[in-house]
Structures are given as C-alpha cells and as structure tokens.
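The values are calculated or read from the model by the stated rules, or taken from the named source; none is laboratory data. This is a predicted model, so every value here is computed, not measured. FYI the Cβ positions are ideal-geometry reconstructions off the backbone, even for glycines, and counts take in every protein chain you see. When the accessible area is computed, the model is the full protein with side chains, heavy atoms only, and any ligands, DNA or RNA have been set aside. Shrake-Rupley method; radii C 1.70, N 1.55, O 1.52, S 1.80 Å.
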Amino acid sequence: MKVLDLACTHGHTFEGWFGSEDDFRDQQTRGLVICPLCGDGQVAKRPSAPRLNLAHARPPKGEAAPAPATSPVATPSPDAALPEPLARLRAAWWRAAREVARTAEDVGPRFAEEARRIHHGDAEERGIRGQATPQEARALLEEGIGVLPLPDGCEETLQ
C-alpha cells in the first residue's frame, strides 16, 4: 500500500492510499483522484516522509523478536501541529460530518439519481448520503445540486 500526501490547486492537502505508484498515476489519468473538500481534479503529489508500520512486523526465522519498549513513545495527533483555531475548525468539521452520516438516509450507489429526484421535486426533500463517482459528483454540481464529499471514517461511529 502506498500512502501519498496530495494537494489540489486550492491548497487543500489530504492523504491518498494506492496499491502502487502506477495505480496512483492510472487513477489520476482517469480523473478518479479528486480533492475530498472541493472536488478539484487537479491534484498533485506533495513531498512526504515515509512511514513504517512496524506494529505487525515479524523477525526473520531464527531471530528473536525485539524486546518491547519499556516506555511508550508518544505519537502526536495530526491536530497537534495545527494552530489552535485550525484544530478547533477540524474538530468541528468532523463533528458535522459524523452528524450528517448519522442523520442522513444512506441511498448507497443511487446517490446521484436520488439527489436529482429531490432537486426536481420528484422525491421528498431530506438529507441523503451515498456513493457517487467523481464524474457524477461533478455533473450534480454543474446542475446546481449541492454535494459535499464526507471524509472516510465519519461513519465508523455508526457501527
């Protein structure tokens, strides 16, 4: 798994997870890599430091496992480096995203179709959530139908 730091032309930074560098390039070429905040398809890689996930690493056969650390190493939260106002804003954004996920009806892959029905008055007005391709989301926005991508993980509190 390759984790890349990405940024759109509006300066929004976010993480993308891909099977490989080729997978990233392929998805970017097909217009599948978009900013989760604004939907911008002009996304570029940003410099990043590698991260090694050693929690599940196993020593080679015949070698003993390293002794556990005597004191835990503190890992700062992503918000720790943010100025206080931005950390509060990020926390408020996550609270709002979780509330939307909790209260909106999940229409799954029918999201674009149901959003159009609501917009045109063919279905009752209500909050919905679901899945849409980047092309479907862009088309909805062009039709004047407001959509907003929710961050991955906001539904974890629902299960």
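Return the total of residues in segment 128-145 being open to solvent by less than 90 Å² (accessible area, probe 1.4 Å), part of a loop (DSSP other than H, G, I, E, B) and either touching a Leu at 6+ places or on another chain (Cβ under 8 Å) or closer than 22 Å to Gln28 by Cα (or both).
2
How do the pairs read when you match residues in segment 106-120 that are within 15 Å of Ala139 (Cα to Cα) with residues anywhere that are in a helix (DSSP H, G or I), using Cβ under 7 Å and keeping only pairs 6 or more apart or on different chains?
So the pair list comes out as Ala112/Glu136; Ala112/Leu140; Ala115/Leu140.
Looking only at segment 106-127, which residues are outside any loop (DSSP other than H, G, I, E, B) and within 17 Å of Leu150 (Cβ to Cβ)?
Asp106, Val107, Gly108, Phe111, Ala112, Glu114, Ala115
Failed condition for Ser77, given (1) exposed (fewer than 11 other Cβ atoms within 10 Å of the Cβ); (2) at pLDDT 80 or above, with all others met?
With (1) exposed (fewer than 11 other Cβ atoms within 10 Å of the Cβ); (2) at pLDDT 80 or above applied to Ser77, the lone miss is (2).
If a residue has to be outside any strand (DSSP E or B) and not aliphatic (A, V, I, L, M) to count, how many in segment 1-34 make the cut?
Residues in segment 1-34 being outside any strand (DSSP E or B) and not aliphatic (A, V, I, L, M): 17 in total.
Restricting attention to segment 89-110, which residues are in contact with a Lys or Arg (Cβ under 8 Å, 6 or more places away or on another chain) and open to solvent by less than 30 Å² (accessible area, probe 1.4 Å)?
Across segment 89-110, the qualifying residues are Ala101, Ala104, Val107.
Report yes if some residue within segment 52-74 is surrounded by 10 or more Cβ atoms within 10 Å (Cβ to Cβ), at pLDDT below 85 and on the phi < 0 side of the Ramachandran plot; otherwise report no.
Within segment 52-74 (the criterion being surrounded by 10 or more Cβ atoms within 10 Å (Cβ to Cβ), at pLDDT below 85 and on the phi < 0 side of the Ramachandran plot), the answer is no, since none of the residues qualifies.
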